[in-house]
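Engineer: Handing you a structure now.
The values are calculated or read from the model by the stated rules, or taken from the named source; none is laboratory data. Since the structure is predicted, the reported quantities are computational estimates derived from the model, not experimental observations. Methodologically, a virtual Cβ is constructed for each residue, glycine included, from the backbone with ideal geometry; neighbour enumeration extends over all protein chains shown.
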Amino acid sequence: MSARIHLLPNSRCTIGENPLWDAEEDRLYWIDVAAGNIFCGTPDGREVRLWRFPWGTISSLALRASGGAIVTAANGIHLLDLDTGEIDTLFQVDSKPGVGFNDAKVDRQGRLVTGLVDGTQLQTAPGSSTLVEAAGLYRVDHDLEVRPLAEGFIASNGPSFSPDGTILYWNDSWALRTYAFDYDPETGVASNRRQFADFIDPTQPVQPMPDGSTVDEEGFLWTAALYAGEIRRYAPDGTLDRRISLPLMKPLGVAFGGPEMEVLYVTTMGDAGFPGDPLQTGVLDGSILALSGLGVRGIPERRFAG
């Protein structure tokens, strides 16, 4: 089944990330990491509102059930009042310079999970045997306490949950792999880490990387394949089910949305590249794409309950 691809107007970002459909408002949220901007718009990308994160760059965003947002930026996790811009810092990781938080997602019970990127290793070729998987993953519980979740990543990305919330998927972009954990919905404990998908492809001139991900109602994982110019859909057993080619090479984030949860929104990288970025910027890079006609629906994301 072929997808119909539409370009959302006025959506160009330097590093477009964290697409998030909020079913309560019927609005799409996304961020520009480099500019520290938070956007919100209608399903067709109009009536766009803009908030600016007061401290500069921002790496992830989730809405709170009580109002406002919970965000990650640099080495911290923060509560953000979208009306006043007031920031309440929950946690700052004690780490070496160049290590900071990246992507995040709310689990089916309303907890937030997020993880670190070890930026000191991003000058080493992706997938290299010399990389050290030292970055950790964290969970923010309803009581606003931040607790360790797992270890052993280089560039944390794309956390996603199975429909019943018992499987946690997590990408390590620089290791070029997707992992799955058993996840206890009652306690938020992740265990039994195993490899789910492998993006290593020596036949490609530019190595594809797994970036943002989401899960559809059938339990299939959708992942943005950065530098491959495509979205990949994986079955629950890790089998590659579908590949959708895009009119650009640098997709970063994916999220289902729209009134019927039938549109897959794709955020992309614009003028700024990652270290050693091998590809020049194209005319569409940095825009948001809306993919329809996929024949599947997504699952509405919960707001953070803390």
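Engineer: Filter region 79-93 down to residues that are closer than 21 Å to residue 49 by Cα and assigned to a strand (DSSP E or B) and give me whichever is farthest from the chain's Cα centre (by Cα).
Structural biologist: From region 79-93, those closer than 21 Å to residue 49 by Cα are 79-87; that's our starting set.
With assigned to a strand (DSSP E or B) added as a condition, the list becomes 79-80, 87.
Working: 79: 18, 80: 19, 87: 22 Å.
Among residues in region 79-93 that are closer than 21 Å to residue 49 by Cα and assigned to a strand (DSSP E or B), the one farthest from the chain's Cα centre (by Cα) is 87.
Engineer: Among (1) crowded, with 19+ Cβ neighbours inside 10 Å; (2) farther than 18 Å from residue 33 by Cβ; (3) over 15 Å from the mean Cα position of the chain (by Cα); (4) at pLDDT 95 or above, there is one condition residue 264 misses while meeting the rest; what is its number?
Structural biologist: (3)
Engineer: For region 147-161, enumerate the residues that are assigned to a strand (DSSP E or B), buried (at least 17 other Cβ atoms within 10 Å of the Cβ) and of a type outside the set (S, T, N, Q).
Structural biologist: Step one: filter region 147-161 for residues assigned to a strand (DSSP E or B), giving 147-153, 155-161.
With the extra rule that they be buried (at least 17 other Cβ atoms within 10 Å of the Cβ), the set shrinks to 149-150, 153, 155-161.
Across region 147-161, the qualifying residues are 149, 150, 153, 155, 158, 159, 161.
Every residue, every condition in (1) within 27 Å of residue 285 (Cα to Cα); (2) in contact with a Phe, Trp or Tyr (Cβ under 8 Å, 6 or more places away or on another chain), yes or no:
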residue	(1), (2)
179	no, yes
185	no, no
192	no, yes
196	no, yes
199	yes, no
241	yes, yes
247	yes, no
255	yes, yes
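Engineer: Which pairs have Cβ atoms under 6 Å, sit 6 or more apart or on different chains, and link a residue in region 268-280 that is closer than 16 Å to residue 207 by Cα and modelled with pLDDT under 75 to one that is of a type outside the set (A, V, I, L, M, F, W, C) and surrounded by fewer than 16 Cβ atoms within 10 Å (Cβ to Cβ)?
Structural biologist: 275/123
Engineer: Ok, one more. Would you mind stating whether residue 211 is in contact with a strand residue (DSSP E or B) (Cβ under 7 Å, 6 or more places away or on another chain), assigned to a strand (DSSP E or B), exposed (fewer than 14 other Cβ atoms within 10 Å of the Cβ) and among the acidic types (Asp, Glu)? Spell out how you get there, then give the answer.
Structural biologist: Values: in contact with a strand residue (DSSP E or B) (Cβ under 7 Å, 6 or more places away or on another chain): yes; assigned to a strand (DSSP E or B): yes; exposed (fewer than 14 other Cβ atoms within 10 Å of the Cβ): no; among the acidic types (Asp, Glu): yes.
No, not satisfied.
Engineer: Then there's this: Does any residue of region 121-142 turn out to be closer than 20 Å to residue 32 by Cα, at pLDDT below 95 and among the hydrophobic types (A, V, I, L, M, F, W, C)?
Structural biologist: Start the filter on region 121-142 by keeping residues that are closer than 20 Å to residue 32 by Cα, which leaves none.
No - not one qualifying residue is present in region 121-142.
Engineer: Let me ask you something else. Taking region 36-47 as the search range and keeping residues that are within 21 Å of the chain's Cα centre (by Cα) and outside any strand (DSSP E or B), which one is nearest to residue 80 (Cα to Cα)?
Structural biologist: Taking region 36-47 first, the residues within 21 Å of the chain's Cα centre (by Cα) are 36-45.
Going one step further and asking which of them are outside any strand (DSSP E or B), we end up with 36, 42-45.
Values: 36: 13, 42: 22, 43: 24, 44: 26, 45: 23 Å.
Filtering first and then ranking leaves 36.
Engineer: Still on this structure, I have one more. Out of everything in region 73-88 that is over 19 Å from residue 117 (Cβ atoms) and among the β-branched types (Val, Ile, Thr), what residue ends up being modelled with the lowest pLDDT? Break it down into steps so the answer makes sense when it comes.
Structural biologist: First, pick out the residues of region 73-88 that are over 19 Å from residue 117 (Cβ atoms): 79-88.
Going one step further and asking which of them are among the β-branched types (Val, Ile, Thr), we end up with 84, 87.
On the way: 84: 93, 87: 96.
Restricting to residues being over 19 Å from residue 117 (Cβ atoms) and among the β-branched types (Val, Ile, Thr), the top hit is 84.
Engineer: So which residues in region 42-72 are over 29 Å from residue 117 (Cα atoms) and buried (at least 16 other Cβ atoms within 10 Å of the Cβ)?
Structural biologist: If the condition is that a residue be over 29 Å from residue 117 (Cα atoms) and buried (at least 16 other Cβ atoms within 10 Å of the Cβ), then 43, 45, 48 are the ones that fit.
Engineer: Quick check on region 231-260: of everything there that is surrounded by fewer than 18 Cβ atoms within 10 Å (Cβ to Cβ) and touching a Gly at 6+ places or on another chain (Cβ under 7 Å), which residue is nearest to residue 177 (Cα to Cα)?
Structural biologist: Of region 231-260, the ones surrounded by fewer than 18 Cβ atoms within 10 Å (Cβ to Cβ) are 235-243, 245, 247, 259-260.
Narrowing the set further to residues that are touching a Gly at 6+ places or on another chain (Cβ under 7 Å) leaves 236, 245.
On the way: 236: 15, 245: 20 Å.
The residue in question is 236.
Engineer: Could I ask something else about it? For region 214-227, check the following and say yes or no: at least one residue is under 19 Å from the mean Cα position of the chain (by Cα), part of a loop (DSSP other than H, G, I, E, B) and of a type outside the set (Phe, Trp, Tyr).
Structural biologist: As a first pass, look at region 214-227 and keep what is under 19 Å from the mean Cα position of the chain (by Cα): 214-217, 219-227.
Filter once more, so that each one left must be part of a loop (DSSP other than H, G, I, E, B): 217, 219-220, 227.
Still in the running and of a type outside the set (Phe, Trp, Tyr): 217, 219.
Scanning region 214-227 turns up at least one residue that is under 19 Å from the mean Cα position of the chain (by Cα), part of a loop (DSSP other than H, G, I, E, B) and of a type outside the set (Phe, Trp, Tyr).
Engineer: Is it true that some residue in region 269-277 is within 18 Å of residue 163 (Cα to Cα) and part of a loop (DSSP other than H, G, I, E, B)? Can you show your working first?
Structural biologist: Residues of region 269-277 that are within 18 Å of residue 163 (Cα to Cα), as a first pass: none.
Among the residues of region 269-277, not one is within 18 Å of residue 163 (Cα to Cα) and part of a loop (DSSP other than H, G, I, E, B), which makes the answer no.
Engineer: Give me the pairs, please: first residue somewhere in region 211-232 and in contact (Cβ under 8 Å) with a residue 40 or more places away in the chain, second residue anywhere and of a type in the set (Lys, Arg), beta-carbon distance under 6 Å, and either six or more positions apart or on two chains.
Structural biologist: 217/297; 220/233; 222/233; 223/232; 226/250
Engineer: If you don't mind, there's one more thing I want to ask. Condition check: more than 19 Å from residue 217 (Cα to Cα), in a strand (DSSP E or B) and of a type in the set (Phe, Trp, Tyr). Does residue 179 satisfy that? Show your work before the answer.
Structural biologist: Values: more than 19 Å from residue 217 (Cα to Cα): yes; in a strand (DSSP E or B): yes; of a type in the set (Phe, Trp, Tyr): yes.
For residue 179, the condition - more than 19 Å from residue 217 (Cα to Cα), in a strand (DSSP E or B) and of a type in the set (Phe, Trp, Tyr) - is met.
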